[in-house]
Amino acid sequence: MLTKYLLHMDTPQFSMRIGFDFDNTIVSYDELFYKVAVEQSLVPTDLPKSKLAVRDYLRKGDNEDVWTEMQGHVYGTRMGEAVAYPGAIDFIKLARNSGAAMVIVSHKTKHPFKGPKYDLHEAARGWIENFLVDGVKNLIEPDHVFFEVTKEDKVSRIAQCRCDFFIDDLPEILLMSGFPQETAPILFDPENNHGKEWVGTRLDSWQGIKKFFEMKWKT
């Protein structure tokens, strides 16, 4: 499948190859984690609607196991309720129409560490099939979507896909020793959490990502 993918990416119609992380880069879970936590009476309703706020509140209450099980629940059975970051789908449409080849490379375990054994990879693929579409057409083809189990496998896959740019919310991925030198890393940092530790290209919205690539396409 990878050989077929690389041949497809090498056709002359593609002027640029863009790779995306999935969780917390294309998909925002802030409102969904808050919603689930309130439903289960785990957090006060005046808590900020933020995944990190829910996580920190539960950890402060020594509820790490609850937080772990909640992640499996959200990424599994509730995945269909998650939403894309504002502007993410519009940018992917624009990139496709601009002749860019695109790939999603993410890492997550196949099943949750705690709770029911949801297939987290299939739940994510289901979200992509339902939301990353333009009419009946896929914005990113299914064989251009890769879910790896470890960070090392993810970085290896990014290298194999030979992207010109890769967008991720985790500096640790972009800074790993195996991250390909020929791929320009872009940190997606919507909450401005990594200003001190990251010196490369850092964008805090998909509108910013759009402007960044529009400048690239002009030149």
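Please treat every number below as a calculation from the coordinates, not as lab data. From a predicted model like this one, the values you see are computed outputs, not experimental measurements. No Cβ is skipped: glycine too gets one built from the backbone with ideal geometry, and neighbour counts run over all protein chains shown.
Descriptive notes on the structure:
- Pairs from LYS117/LYS196; LYS35/LYS60; LYS60/LYS210 whose Cα-Cα separation, in the structure shown, is over 29 Å: LYS117/LYS196; LYS60/LYS210
- Less than 5 angstrom separates the built amide H of PHE166 from those of GLY19, ALA184, ILE186, all sequence-distant by 5 or more or on a different chain.
- For the range 102-219, the alpha carbon convex hull comes to 142 Å³ per residue, rounded to a whole number.
- Sites matching chymotrypsin sites (Phe, Trp or Tyr not before Pro) across the range 143-204 that sit in DSSP coil, with at most 15 neighbouring C-beta atoms within 10 Å: TRP198
- Under 5 Å, built H, 5+ apart or other chain: amide partners of THR201: LEU187
- Positive-end extreme of charge dipole, the chain - chosen from VAL66, PHE165, PHE188 (charges on Cβ): PHE165
- Karplus (6.51, -1.76, 1.60) ³J(HN,Hα), θ = phi - 60°, over the range 122-136, in Hz, Gly and Pro reported as x: 5, 4, 5, 4, x, 4, 4, 5, 8, 10, 8, 9, 10, x, 9
- Pairs of Cα atoms in the chain fall into 10 Å distance bins, from 0 up to the last occupied one, in shares of 8, 32, 38, 18, 5, 0 percent.
- Rounded to the nearest 5, the antiparallel percentage of DSSP beta bridges internal to the range 64-212 is 15%.
- Sequence-distant residues sharing a close amide H with MET16 (under 5 Å, placed H): ALA101
- Using the rule -39500 (n - 2.57) for each DSSP H run of four or more residues, divided by the residues of the chain, the 222 nm mean residue ellipticity is -12000 deg cm²/dmol.
- The alpha-carbon atoms of the range 42-92 define a convex hull whose volume equals 99 cubic angstrom per residue.
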